[in-house]
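Novice: Quick one: the structure is below, questions incoming.
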Amino acid sequence: VEADPTGYYSVRAGELLVGRPVFEGSGAFDFTYDREAERSEAEQWLRQTFDLLGPDPLSEPNLAIAGDQRFIRGRELWALGELELAAAEFSSLRGSFESDPEATYRLMHELLSLGLYREAIFASRQILRLAGLDDAATLDAPVYFNRIRFGPYFGELILPEAARYGLDGLFLLSVVRQESLFEGFATSSAAAHGLMQVIPSTGESIAAQLGWPPNYTSADLHRPIVSVRFGTYYLASQRDRFEGDLFAALAAYNAGPGNAQFWKELAPSDPDLFLEVIRLDEPQLYIRVIFEVYEIYRNLYSGG
């Protein structure tokens, strides 16, 4: 438990000690908190840690950011709906400030206001990295940074879909975070689209089963409501297929139900053994990371 406090095996060991099943429902969770008070605490820590003298408010772009052509182009491209091009501009800009905690913090808030959550998450982690904090130590940083890294983004879509299909809301947030880092326009190298990275062939099948949305095309997978509903529907169907086993459901979501069925036959009733018999690195890492992220969401929004 003490060896790697944010790592899968330490977190799972803690659960075994108290007899808690994997992905046990978090019960009630609460996303209300004093954002301004937490931001003020974070900025005080930022000034002390990095000896910053920049003017308040630290959450607004300074001249170095606002005058940068990538910032200007990014905002214009975002307004035009060219989301991927805009994200590329902001990613380049963020990279140029990666050794500057003040500029990164200021830019982070602009990214949040636009809805570029993936880049904002990276910016928040970079600030903590510049402070010399490893993964475990970040949990002791001002909570404001972790609220940004593990925010309930698209919660107005994700939480109702989780409830619709009987999934824990924090669990589904963890899956979406791992799939796309809340970037609705994301497309993977395997042509998976949207927040929940649904591939077009699966999307066509789900659209036919649900009879929704009207006049469906694969472009709809970039619509957050469509991606979340399709992804949740498919994930829930795999949960049901494997009789409530969320490890197997996640393996099926990531590596296909055929692979998950094979691994399930090797470890029919032991989730810890199931994880270890997975023969592919990607789905094993996928499950472990979602498990780790879920624990952080639990600690942030449900008290563990």
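The values are calculated or read from the model by the stated rules, or taken from the named source; none is laboratory data. If you're wondering where the values come from, they're calculated on a predicted model, not measured in any experiment. Cβ atoms come from the backbone with ideal geometry, glycine included; neighbour counts cover every protein chain shown. Side chains are part of the model used for accessible areas, which takes the heavy atoms of the whole protein and leaves out ligands, DNA and RNA. Shrake-Rupley method; radii C 1.70, N 1.55, O 1.52, S 1.80 Å.
Novice: How far is helix 169-180 tilted, in degrees, relative to the longest principal axis of the Cα atoms in the chain, given as a value from 0 to 90 rounded to the nearest 10?
Specialist: The angle comes out near 70 degrees.
Novice: Tell me, what HN-Hα J-couplings in whole Hz come from the Karplus equation 6.51 cos²θ - 1.76 cosθ + 1.60 at θ = phi - 60° for each residue of the stretch 285-302, using x for Gly and Pro?
Specialist: 5, 4, 5, 4, 5, 4, 4, 5, 5, 4, 4, 5, 4, 4, 5, 6, 10, 9
Novice: Counting each DSSP H run of 4 or more residues in the chain as -39500 (n - 2.57), what helix-only mean residue ellipticity at 222 nm follows after dividing by all residues, to the nearest 500 deg cm²/dmol?
Specialist: My calculation for the chain gives -19500 deg cm²/dmol from helical runs alone.
Novice: With every protein chain present, what is the per residue accessible area of the chain (1.4 Å probe, Å²)?
Specialist: Dividing the accessible area of the chain by its residue count gives 45 Å².
Novice: As I understand it, the value is the acute angle between the Cα axis of helix 155-164 and the longest principal axis of the Cα atoms of the chain; what does it come to in degrees, rounded to 10?
Specialist: Compared with the principal axis, the helix lies near 10 degrees.
Novice: Set the Förster distance to 35 Å, then compute FRET efficiency between residue 273 and residue 299 from the Cβ-Cβ distance, nearest 0.05.
Specialist: 0.85
Novice: For the stretch 79-148, what value does the Rg/Rh ratio take when both radii are computed over Cα atoms and Rh is the Kirkwood radius, given to two decimals?
Specialist: 1.00
Novice: Roughly what angle does helix 257-266 make with the longest principal axis of the chain, taking Cα atoms, 0 to 90 degrees, to the nearest 10?
Specialist: Once rounded, the angle reads 70 degrees.
Novice: How long is the gain from residue 30 to residue 209 if the chain were fully straight, where each residue apart is worth 0.36 nm and the alpha carbon distance is subtracted?
Specialist: So the extension gain works out to 61.1 nm.
Novice: Still on this model: As an exercise, find the ratio Rg/Rh for the stretch 199-304 from alpha-carbon atoms, using the Kirkwood inverse-distance average for Rh.
Specialist: Result for the stretch 199-304 is an Rg/Rh of 1.03.
Novice: With 10 Å bins from zero, work out the P(r) of the stretch 33-78 over every alpha carbon pair and list the percent per bin.
Specialist: 23, 37, 31, 9
Novice: Whole-Hz Karplus ³J(HN,Hα) for the stretch 205-214, in order, using 6.51 cos²θ - 1.76 cosθ + 1.60 and θ = phi - 60°, x for Gly and Pro?
Specialist: 5, 5, 4, 5, 5, 7, x, 7, x, x
Novice: Now for a different question. From the square roots a ≥ b ≥ c of the eigenvalues of the alpha-carbon gyration tensor of the stretch 90-247, which class results: rounded (a/c under 1.5), prolate (a/b over b/c), or oblate?
Specialist: It comes out prolate by the Cα gyration axes.
Novice: Which entry in (1) 63, 45, 32; (2) 60, 51, 33; (3) 81, 44, 31 matches Cα extents along the principal axes in Å derived from the coordinates of this structure?
Specialist: Matching entry in (1) 63, 45, 32; (2) 60, 51, 33; (3) 81, 44, 31: (2).
Novice: What's the magnitude of the charge dipole for the chain around its Cα centre, counting Lys and Arg as +1 and Asp and Glu as -1 at the beta-carbon? Answer in Debye, nearest 20.
Specialist: In debye, rounded to 20, the chain gives about 580.
Novice: Also: Beta carbons within 10 angstrom, averaged per residue: use that to sort the peptides 286-295, 25-34, highest first.
Specialist: The packing order, highest mean first, is 286-295, 25-34.
Novice: Just to compare against my own numbers: the Cα pair-distance distribution for the stretch 1-95, 5 Å bins, whole % per bin, please.
Specialist: 2, 10, 11, 9, 10, 13, 15, 12, 10, 6, 1, 0
Novice: When a/c is below 1.5 the answer is rounded, else prolate if a/b is larger than b/c, else oblate, so apply that to the stretch 260-304 with a ≥ b ≥ c taken from the square roots of the Cα gyration tensor eigenvalues.
Specialist: Cα axes put the stretch 260-304 in the prolate bin.
Novice: Which number comes out as Rg/Rh for the stretch 25-148 once both Rg and the Kirkwood Rh are worked out on C-alpha atoms?
Specialist: 0.99
Novice: To continue, here is another question. Determine the principal axes of the Cα atoms in the stretch 167-215, then give the extent along each, sorted from largest to smallest and rounded to whole angstroms.
Specialist: Result, largest extent first: 29, 28, 14 Å.
Novice: Then there's this: Can you work out D for the stretch 127-178 in µm² s⁻¹ from Stokes-Einstein, where Rh is the Kirkwood radius over C-alpha pairs, the temperature is 10 °C and the viscosity is 1.306 mPa s?
Specialist: Translational D for this selection: 128 µm²/s.
Novice: Along the positive direction of the dipole of the stretch 194-304 (beta-carbon charges: Lys, Arg +1; Asp, Glu -1; about the Cα centre), which of 278, 209, 289 reaches farthest?
Specialist: Value: 209.
Novice: Rounding to the nearest 20 debye, state how big the charge dipole of the stretch 45-88 is about its Cα centre with +1 on each Lys and Arg Cβ and -1 on each Asp and Glu Cβ.
Specialist: 40 debye
Novice: Tally up the carbon and sulfur contribution to the accessible surface of the chain as a whole percent, 1.4 Å probe, everything protein left in place.
Specialist: 51 percent
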